[in-house]
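K.L.:
Once you've had a glance at the structure underneath, I'll fire off some questions.
The values are calculated or read from the model by the stated rules, or taken from the named source; none is laboratory data. The structure presented is a predicted model; accordingly, all values stated were derived computationally and were not measured. Here the Cβ is made from the backbone with ideal geometry for all residues, glycine too, and neighbour counts use every protein chain on show. To get the accessible areas, we keep the full protein, side chains included, count just its heavy atoms, and leave off ligands, DNA and RNA. Shrake-Rupley method; radii C 1.70, N 1.55, O 1.52, S 1.80 Å.
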Amino acid sequence: DDTLIIREVLSGNLIFRSGMDLALEVPSTLRSMDVQVVSGDLNINGVSLEKLGFQSTSGDLTIRHGSLGTLYMRSLSGDVYARLNDLDFFDAKLASGDVDIKCIYGGEFSAETQSGDIDAEFGETVTSFFSKATSGDVSVKLPRNINTAPNLSSLSGSIDTSLPSYPDGVPVTIRTIS
């Protein structure tokens, strides 16, 4: 089993306890990571993985300069911020948190947040796009090479889109209540 488990051992007076930072270097041969935290952020720089999973009660996920096959995030309170070259599959479900993704080559994108904004931008490709913000704004910039009809939804917020123009049009589903 290739599982690394890190736990903080609590001792002493918890009133004066300070935060803890942990820096890990992972081998370039690492193909997948599943990270679960109760309260804490995950910052990743320059990684190439087939799969990254992040689950938190309260914590942000930040990824810079990387390529991912699959990225999924589940959080009660946390943001996801990513600047990637490639992202084949993205799936985020957040109770409270923002999604901010910029990617050159994208695949399937699905983001849902109960309370938070969704901001997504794809440079060259995206194969499918779904976003739903119950209470928050949705801002999307999609490339000319889109292979599907985008589905954008905000119950209480605005929707801002930058979609390519097509001579025959492109089907788009946009829903907003207020």
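K.L.:
Does Val80 count as β-branched (Val, Ile, Thr) and either open to solvent by 40 Å² or more (accessible area, probe 1.4 Å) or within 25 Å of Gly46 (Cβ to Cβ) (or both)?
P.N.:
Against the criterion (β-branched (Val, Ile, Thr) and either open to solvent by 40 Å² or more (accessible area, probe 1.4 Å) or within 25 Å of Gly46 (Cβ to Cβ) (or both)), Val80 qualifies.
K.L.:
Next question. Kindly indicate whether Ala149 is modelled with pLDDT under 90 and aliphatic (A, V, I, L, M).
P.N.:
Yes, satisfied.
K.L.:
At least 3 residues that are over 20 Å from Pro164 (Cα atoms) and among the β-branched types (Val, Ile, Thr) in each: list the strands (runs of 3 or more DSSP E) lying fully within the range 75-129 that qualify.
P.N.:
Of the strands (runs of 3 or more DSSP E) lying wholly inside the range 75-129, none has at least 3 residues that are over 20 Å from Pro164 (Cα atoms) and among the β-branched types (Val, Ile, Thr).
K.L.:
Now for a separate question. Which one of the conditions (1) open to solvent by less than 30 Å² (accessible area, probe 1.4 Å); (2) closer than 25 Å to Gly69 by Cβ; (3) out of contact with any Cys (no Cβ under 7 Å at 6 or more places or on another chain) does Ser154 fail to meet, given that it meets all the rest?
P.N.:
Among (1) open to solvent by less than 30 Å² (accessible area, probe 1.4 Å); (2) closer than 25 Å to Gly69 by Cβ; (3) out of contact with any Cys (no Cβ under 7 Å at 6 or more places or on another chain), the lone unmet condition for Ser154 is (2).
K.L.:
Given (1) more than 11 Å from the chain's Cα centre (by Cα); (2) open to solvent by less than 50 Å² (accessible area, probe 1.4 Å); (3) modelled with pLDDT of 90 or more, where does Asn43 come up short, assuming only one miss?
P.N.:
Unmet condition: (2).
K.L.:
I'd like to know if the range 157-169 contains one or more residues that are closer than 25 Å to Arg64 by Cβ, among the aromatic types (Phe, Trp, Tyr) and either open to solvent by 20 Å² or more (accessible area, probe 1.4 Å) or without any contact (Cβ under 8 Å) to a residue 40 or more places away in the chain (or both).
P.N.:
no
K.L.:
Among the residues of the range 47-62 satisfying the criterion of being at pLDDT 90 or above and outside any strand (DSSP E or B), which is surrounded by the most Cβ atoms within 10 Å (Cβ to Cβ)?
P.N.:
For the range 47-62, the residue satisfying everything is Gly59.
K.L.:
Taking Ala92 as the residue in question, decide whether it is open to solvent by less than 50 Å² (accessible area, probe 1.4 Å) and either among the charged types (D, E, K, R) or over 16 Å from Arg175 (Cα atoms) (or both).
P.N.:
Considered against the rule, which asks whether it is open to solvent by less than 50 Å² (accessible area, probe 1.4 Å) and either among the charged types (D, E, K, R) or over 16 Å from Arg175 (Cα atoms) (or both), Ala92 comes out as yes.
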